[in-house]
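Presented below is the structure to which this report refers.
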Amino acid sequence: MLLLTCPYCGVEADETELTPGGEAHITRHGAGANDDDFETYLFMRKNPKGVHFERWRHAFGCGKWFHAARCTMTLEVFGTYSGQTFEPPKTLINKIKKKRPDWEGFVK
Amino acid sequence: MKRYSAFAIAREAFRHHAGWERAWRSPEPKSEYDVIIVGAGGHGLATAYYLGKNFGITNVAVIEKGWLGGGNTGRNTTIIRSNYLQDPSAAIYEKARSLYETMSQDLNYNVMFSPRGVMMLAQTQAEIRGYQRTAHANNLQGVTTEFITPERVKELCPIIELGGPRYPVLGALWQPRGGTARHDAVAWGYARACSDMGMDIIQQCEVTGIDQSRGKVTGVQTTKGAIKTKKLAIIVAGNSGDLAKMGGFRLPVESISLQALVSEPIKPCMDVVIMANTVHGYMSQSDKGEMVIGGGTDGYNNFTQRGSYHHLEETVRALIETFPMVSRLKMLRHWGGIIDITGDRSPIISKTPLGNCFINCGWGTGGFKAIPGSGWAMAELVAGGEPRELASAFGLERYQEGRFIDESVAAGVAH
């Protein structure tokens, strides 16, 4: 079972206390966007084998949305961070790079 | 290939069973093929088989990074049904179901297809209306289903508890010609038939790159060297994203783990397949006597191929209400398979932006039942270069065009 620390209330919550929200940092194209961008926003997902940035909600806790970085192959959690950001914090990226030298890095 | 028959068994009995041969060859790859299929699961092998049988294309290699049928083909709960709401889904699943009926004779391999009937319980008012609608749609589509009363449910499945405190059984969608089959045998039977047609099934060979020139496929790089091909079919379920990346295109697919479990074997107690979508569990009894139970998916992307205990608990907790006897069973094994989920919960059988490269993926939680139909449609696509009727609605372009095959209500939960 996954254990994620909610960056807002500091609780180390297990997976049953949280709701997964899918891939994070997606550009939300709206009215006026071309078909490609809109399709990308709605359906295209990176689905990586390895480092994945994703959204979670502390549903049975403080109720807030936050972000997490996790490995989809090993389920290792690299860290969690605020929901109020468009990209992962530099410190977290550096930490992941140290652990996974082959990782291509964060791609928007 | 020596045919399997009662006579063959008698003949072998007289010579200490020394005359059985390997069911399929394990050759080294040739330098070039007409068609390379990546993925020797049910869908890949079925595609190869129908390419040979329906189109006479036999210079084919099926490449598998693990072992044949070792992915989701060997990890599902073996349910076969075609009671879908949308026309394109009903058509392809019904094609598959009908092919299952004659598969053992067709392949000369006993796939143990058992049309024991599949029942989807209605446990809320919304489900009653939903399944009545599906029954009407199925009648128009030529798929035999009916909506049955709780009394009939009890008659068909005496171990069920109709009056559950939370979710009483209010009726069911009943497909009498649905059922189960031996999942491994489906892969093995196709593999044997393909090998007999001269196709090469190459296991333990991982594709590491896709060669292309001027927008068209020319071959693949593998752990057993480069192999040239005129056409490439990618049929790798949860790994589709990886192969698409090698081909230089994207897919609207996410991979997650879906799990199942089996109990200790017990005497026959249930001769139908029952699915309960509201509480999210489904159960049938295997020929060995184990209760085969399907559970939930993880809510997040992963490639771990293992189960998680809280999902097991949820599934079994829900089943105990409807089948109280389950509470006395010991569970023996649980496992997970990596399924590829698309945006509209329907599969993709499509051309790709890369010329002569075709993809079949996105079967999500319900691929096993579709194997022969999917292989049939994919063979049509690969052989002719354009999808025919069965596959025409399942193109990749539908996500951009907003032309979804929305089965998420009818089937997005339990398959």
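The values are calculated or read from the model by the stated rules, or taken from the named source; none is laboratory data. Worth saying up front: this structure is predicted, and the values here are computed from it rather than measured. FYI the Cβ positions are ideal-geometry reconstructions off the backbone, even for glycines, and counts take in every protein chain you see. Just the protein is used for accessible areas: all its heavy atoms, side chains included, with ligands, DNA and RNA removed. Shrake-Rupley method; radii C 1.70, N 1.55, O 1.52, S 1.80 Å.
Observations
- Under the condition of being of a type in the set (Gly, Ala, Ser), open to solvent by 10 Å² or more (accessible area, probe 1.4 Å) and out of contact with any strand residue (DSSP E or B) (no Cβ under 9 Å at 6 or more places or on another chain), the residues counted in segment B:72-96 number 1.
- Test result for residue B:199, open to solvent by 30 Å² or more (accessible area, probe 1.4 Å) and either closer than 20 Å to residue A:47 by Cα or in contact with a helix residue (DSSP H, G or I) (Cβ under 7 Å, 6 or more places away or on another chain) (or both): no
- Sole residue being surrounded by fewer than 24 Cβ atoms within 10 Å (Cβ to Cβ), among the acidic types (Asp, Glu) and at pLDDT 95 or above, chosen from B:407, B:386, B:397, B:401: B:386
- Qualifying residue in segment B:78-92 (condition: of a type in the set (D, E, K, R) and within 21 Å of residue B:287 (Cβ to Cβ)): yes
- Candidate set from segment B:268-315 (those that are more than 18 Å from the chain's Cα centre (by Cα), within 19 Å of residue B:112 (Cβ to Cβ) and in a strand (DSSP E or B)); member that is farthest from the other protein chains (Cβ to nearest Cβ): B:285
- The one condition in (1) under 10 Å from the mean Cα position of the chain (by Cα); (2) open to solvent by 20 Å² or more (accessible area, probe 1.4 Å) that residue A:93 fails to fulfil: (1)
- Figure legend. Inter-residue proximity from segment B:45-64: first residues assigned to a strand (DSSP E or B), second residues of a type in the set (Phe, Trp, Tyr) and modelled with pLDDT of 95 or more, beta-carbon distance below 7 Å, spacing 6+ or different chains. Indicated pairs: B:60/B:33; B:61/B:33.
- Extreme residue, least open to solvent (accessible area, probe 1.4 Å), among residues of segment B:8-62 that are polar (S, T, N, Q) and modelled with pLDDT of 95 or more: B:47
- Comparison of B:221, B:259 shows that the only residue that is away from every other protein chain (no Cβ under 12 Å), surrounded by 18 or more Cβ atoms within 10 Å (Cβ to Cβ) and not in a loop (DSSP other than H, G, I, E, B) is B:259.
- Residues that are modelled with pLDDT of 95 or more and open to solvent by 60 Å² or more (accessible area, probe 1.4 Å) within segment B:159-183 comprise B:177, B:182, listed in sequence order.
- Residue selected from segment B:316-361 under the condition more than 28 Å from residue B:89 (Cα to Cα) and in a strand (DSSP E or B), by the criterion nearest to the chain's Cα centre (by Cα): B:334
- Selected residue [in contact with a Pro (Cβ under 9 Å, 6 or more places away or on another chain), more than 17 Å from residue A:14 (Cβ to Cβ), of a type outside the set (S, T, N, Q) and touching a residue at least 40 places away in the same chain (Cβ under 8 Å)] from A:66, A:53, A:43, A:86: A:53
- Single residue of segment A:1-18 satisfying the filter (part of a helix (DSSP H, G or I) and at the interface with another protein chain (Cβ under 8 Å from one of its Cβ atoms)) that is surrounded by the fewest Cβ atoms within 10 Å (Cβ to Cβ): A:16
- Residue ranges of helices (runs of 4 or more DSSP H) in segment B:93-170 with at least 3 members free of Cβ contacts under 8 Å to residues at least 60 places away in the same chain: B:125-141, B:150-156
- Subset of segment A:19-50 that is more than 11 Å from chain B (Cβ to nearest Cβ) and within 12 Å of the chain's Cα centre (by Cα) - its residue that is most open to solvent (accessible area, probe 1.4 Å): A:26
- Enumeration of residues in segment B:199-220 that are touching a Gly at 6+ places or on another chain (Cβ under 8 Å) and closer than 20 Å to residue B:56 by Cα: B:199
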